Structures are given as structure tokens and as C-alpha cells.
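Step one of this worksheet: look at the structure below.
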Amino acid sequence: MKQFVLYSLLAVMLCACGGKQLVGVRFPEPPVEIACNADFGMELINYFNILQTPDGTYRMYFSGNEENGIAENEWQQNLYLAESADGFHYTLKGKIMDALIEQSVCLTEDRQWPYRLVGNQLENGKHCMFLWKSKDGVSFGERRQLYDFKHDTQNILVPRGHQMKLYSRVTQEHYKNRRVTLTSLTLDGEPAGETEVLAGDFLYNSAACKVDSRYDLLFPTYYNTHGGTTDACRFRCYLADGPFVRELPCDLNRWVEADESWYLASPGFVIIGGEHYLAYSTRSESHERSHTGMTSQYKLIKVVLEYE
């Protein structure tokens, strides 16, 4: 009964906040491949996001292992930048940071330092989450530590005026229950509220997309069973407002091939030609180790938001 009241309250807030309520998400067309690890001369590409700069250029930030640099595990990755004029065809610009994974980059309202980067790096042998600022989105300055424990999925910043929302995944109950946390931060990385564990069990989010000035969409990449096993490459869609989460109908699963390993990777929608796209990656081998012969690709798939 309590959950019903919360969902009903959210529905009322949605209607009061724009007249129309978001009721579903459709993916009407097949995905489009935009990059492969071989295109960039990499053994592996991973954990990426795309944003559009004020001059119209599309920038793709991603982690990668360089060619012939076979890694013992996926932590041995660096941060790279590629650019595009049309959003679909990208040229590698080069490495911009060493030893950084599970990151995202966003543009904020800070006029002097508009770019923010969040990701995991080693500190005294332990993986921690850090925040960086940048004037140009290429050179990032001094880092600020946010947490002293590791979050093990893509950590996503969503700008909200003079604050940011940080979505991360934490694992509870001996790896049997994966949940999404939401933290409000100032643009300097100061806490602006308590960290919330979002309602909804067994969420493994790798996408948190800003819908408008208030609401985000979450797309969990995995949906775990209570026994701790993982059902890979199945997706559900949730509308998030603070600690409240409401599931929406979503037909993304119809595009998942049986032999593909999908990982959604979208700290926001990519807008190309006025259309919304969701970014994701596929891999030909296990998520646990990177090695010669692996194929990893980045793709975009068109999104239609349905209102009533």
C-alpha cells in the first residue's frame, strides 16, 4: 500500500510539472554501429559517453587498452577522446588521462570550468571515486575524492543547474543484490544531500539519461535474481525522481541478439538531428578479462519518448 501511495504521488507530481506524463519508451529502429576497437587501434574499448560541445562537435570519451597492450584485468585502462562532426563517425584524438575507468563527462553551468569528469582511480592501492574540472574538456586539473570505496559500474553525472546528480551502483548482501545510489553534489563536488539507495531491487544501471529539468530515465543492464545469478543483456526502464523509481514499458530487449553481450553506457541522451539516441557497447567475450581477439563496439539506437 505504501509503495502504491508513493507511485501515485509521483504520478501527480509528473502531471503538475509539465501537463504530460511520460508513459513509455520505444526503440523503433535497429542500432547503428559508430565505432569498433579496431577503428581506434585498441585491444578493448569500454565505459564511454558522448556529449555535444557548444560549437556543435560531438565528443566521445572512453576507456581503452592500446593495441598489443594485453591487460591482466579491465582496470588497466586509460581515458581517450574521439570527435565527430555528425555524431556517427568518430576520429581518435588521443589519450587524455592515465589509469581511469568507469567514468563519465558532462557539461555544467560553470562558465569558467564547464566540464566535469567523474571516475575510478587507484589511491593507496584502493579504487576510489574522484571528480575533476576542466575548461576545455581535454585537460583536467586537480582531482577531488568523492568516496573511499569502489562503485563497480559506470558512474554517471547528470547536471542539474548549479548541482549535479551522481548515479552509481553498489552491491549489497554478498553480491546477491545490486542497487543504484543517487547523490546530489555541488559543482565543486561537495555533498548537497544524503546518498539515497533508489527503490527497486537488483538494479545494475549503466545508463542514467536526463529527460528534462527534473526527471531521469534509468536503464539497468542486468537484472539479478534473488539467488545471485545474473541474467545478462536484459533491460528494464525506470523513471527516477529522488528516491522514487517507477517502471515504464520499454521494448529495447527485442533488439538484443542472442550472441551479443550488451552494456548500456549513456550518461544522458545523445541528440542528433533532433532525435534522441541511447549509447551502448557490445563485446564478443567475457566481461571479466580483456585479451587479444576480443571485439568491442559502440552503437547508438534511436529512442522515442511516449507521453499522454
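General remarks:
- Across segment 124-138, the qualifying residues are those that are part of a strand (DSSP E or B) and over 19 Å from the mean Cα position of the chain (by Cα), and the one among them that is modelled with the highest pLDDT is S134.
- Residue check, R116 surrounded by 15 or more Cβ atoms within 10 Å (Cβ to Cβ), of a type in the set (K, R) and under 27 Å from A35 (Cβ atoms): yes
- Residues satisfying the stated conditions in segment 147-188, i.e. part of a loop (DSSP other than H, G, I, E, B) and at pLDDT 85 or above: N155, G161, H162, L187, D188
- Checking each residue of segment 88-95 against the condition of being hydroxyl-bearing (S, T, Y), in contact with a Lys or Arg (Cβ under 6 Å, 6 or more places away or on another chain), surrounded by 13 or more Cβ atoms within 10 Å (Cβ to Cβ) and modelled with pLDDT of 95 or more gives no match.
- When residues of segment 41-77 are limited to those that are surrounded by 19 or more Cβ atoms within 10 Å (Cβ to Cβ) and among the aromatic types (F, W, Y), the one modelled with the lowest pLDDT: Y47
- The one condition in (1) surrounded by fewer than 21 Cβ atoms within 10 Å (Cβ to Cβ); (2) part of a strand (DSSP E or B); (3) at pLDDT below 90 that S213 fails to fulfil: (2)
- Exactly one residue out of Y277, Y263, Y222, Y238 is part of a strand (DSSP E or B) and modelled with pLDDT under 75: that is Y222.
The values are calculated or read from the model by the stated rules, or taken from the named source; none is laboratory data. From a predicted model like this one, the values you see are computed outputs, not experimental measurements. All Cβ positions, even for glycine, are placed from backbone atoms using ideal geometry, and neighbour counts span all protein chains on display.
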